Amino acid sequence: MSDKKCDECPLRRVRSCVMYKKVQMLYPSMIVIGGSSSRDLAKELAMLLECKCILASSTRFPDGECYTRIEGESLNDDVVIVQNTYPDPSIIEMLLIQDAAKRMGAKSITLVIPYFGYARQDRIFKPGEPLSAKVMAKHLGLVCDKVITIDIHKESVLSNFKCPAKDLKASGAIAEYFTDKGIDIVLAPDAGAAERAKDVGTRMGLPYDHLEKIRLSGTEVKIAPAKTDCMNKNILIVDDIIATGGTILAATVQLKQAGAKSVSVACTHGVFTGDAIQRLTGGNIDALLCCNTLESKVSNISVASTVAEELRKGKKRGLLRKK
Ligand code: R5P
């Protein structure tokens with residue numbers, strides 16, 4: 001093994017050395033490209049993978065059309081694009097970045113879509129509606145070799161991709177964040193999130209349960225009184241999405257009425273429509289956190305290591321490129 005120094009190797013050895021090859025296995029070479037919706041996550045991901053990060057520039061023409069550019073001559077490597085498909089302008093930006101990456105010679109393209117917009121319209125609820133989730137998969141799938149999402153609303157949406165697609169869970173990151181924060185019980189605000197509460201609770205070694213929710217309209221929900229013993233308990237509510245905050249506010253009222261000592265709230269995707277953050281932080285809720293799938297002032301739980309692990313595994317097994 002040579003001891004000659006080389007700037008490309010994390011251990012400062014030459015490319016041909018055994019140690020360099022071992023390091024390459026641990027930190028496989030890739031290029032991470034951050035779209036405007038996910039720059040911080042892209043940077044963190046690249047740092048964990050010890051690989052290059054390029055933040056695609058993104059501006060709007062006077063008429064509102066998107067202009068994006070990946071700085072550099074070529075992308076002669078496996079490329080990971082990190083970009084949400086929410087809100088709508090982010091979808092166009094993603095399609096344009098995919099095209100630019102392909103034209104710059106990317107050997108493979110993996111889309112990391114932290115928040116997959118339109119996943120909720122995964123079926124036709126009323127005649128005449130589109131199958132929005134399928135439309136998204138069809139178009140995004142035109143230029144990519146692998147797709148990674150995080151807590152997508154319905155995993156079945158991923159079957160619309162022709163390439164391998166995997167949904168990762170934020171439960172590990174949420175459980176890790178709340179470990180040692182004195183939580184006594186993990187609750188889901190409705191039956192739909194019961195598995196999530198189970199996953200987080202199990203990881204934290206805590207009891208878990210769920211409340212019963214009745215949706216009255218898009219903005220109004222009713223939560224039934226808690227059957228779980230909440231008296232003097234520090235409760236963590238977990239959900240996939242907080243949009244208007246109606247679900248969480250209604251759940252918190254019930255938990256406080258049942259004697260909860262504190263109510264902390266964590267979700268994967270903090271969509272936070274309108275003044276949701278102010279409404280949620282201005283009252284009964286003791287802590288409000290979400291993951292960095294959508295960037296906001298409370299997105300302090302990072303899913304970067306979960307995504308990095310998946311990318312590392314894929315690269316090692318040669319799964320990022322189409323056979
Ligand atoms: C519902 O299925 C989801 O898991 C969330 O509970 C819901 O999207 C939250 O919406 P909101 O914050 O508007 O009540």
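The values are calculated or read from the model by the stated rules, or taken from the named source; none is laboratory data. Everything quoted here is computed from the prediction, not taken from an experiment. Virtual Cβ from ideal backbone geometry, glycine too; neighbours counted across all protein chains shown. For accessibility, only protein heavy atoms count, side chains too; no ligands or nucleic acids. Shrake-Rupley method; radii C 1.70, N 1.55, O 1.52, S 1.80 Å.
Looking at region 137-255, the accessible area is 46 square angstrom per residue; that uses a 1.4 Å probe and ignores ligands, DNA and RNA. Taking the 0 to 90 degree range and rounding to the nearest ten, how far is the long axis of helix 194-204 tilted relative to the main principal axis of the chain, both from C-alpha atoms? Compared with the principal axis, the helix lies near 70 degrees. In region 134-227, the portion of solvent-accessible area held by carbon and sulfur atoms comes to 52 percent [1.4 Å probe, whole percent, DNA, RNA and ligands not counted]. Heavy-atom accessible area with a 1.4 Å probe sorts Lys102, Lys313, largest first, into Lys102, Lys313.
Compared with the dominant Cα axis of the chain, that is its longest principal axis, helix 304-316 is turned about 40°. Sorting Ile185, Ile92 by accessible area puts them as Ile92, Ile185; the probe is 1.4 Å, largest comes first, and only protein heavy atoms count.
Note on Lys227 and Ser29: their simple-model spin labels are 5.8 nm apart, each label 7 Å out from Cα toward Cβ. Estimated purely from DSSP H runs of n ≥ 4, each contributing -39500 (n - 2.57), the mean residue ellipticity at 222 nm for the chain is -9000 deg cm²/dmol once divided by its residues.
Only alpha carbons enter this Debye calculation for region 213-323, each as an equal point scatterer, and the log10 of I(q)/I(0) it gives at q = 0.13, 0.20 Å⁻¹ is -0.57, -1.02. Taking one equal scatterer on every alpha-carbon of the chain, how large is log10 of I(q)/I(0) by Debye at q = 0.13, 0.16 1/Å? For the chain, the Cα-only Debye profile gives -0.98, -1.30. Asp286 contributes an accessible area of around 90 Å² to the protein surface, as traced by a 1.4 Å probe with all chains present. Only beta bridges with both residues in the chain are counted; by DSSP, about 15 percent of them are antiparallel. Could you tell me the accessible area of Glu220 in Å² (1.4 Å probe, neighbours in place), rounded to the nearest ten? Using a 1.4 Å probe on the heavy atoms, I get roughly 100 Å². Sorting Ser156, Ser264 on solvent-accessible area from highest to lowest, probe radius 1.4 Å, gives Ser156, Ser264. Measuring only protein heavy atoms, the 1.4 Å probe finds Thr244 accessible over about 40 Å². Seen from every direction in turn and averaged, the convex hull around the alpha carbons of region 231-289 projects onto 3.3 nm².
Ranked by the mean number of other Cβ atoms within 10 Å of their residues, highest first, the peptides 62-71, 232-241, 300-309 fall in the order 232-241, 300-309, 62-71.
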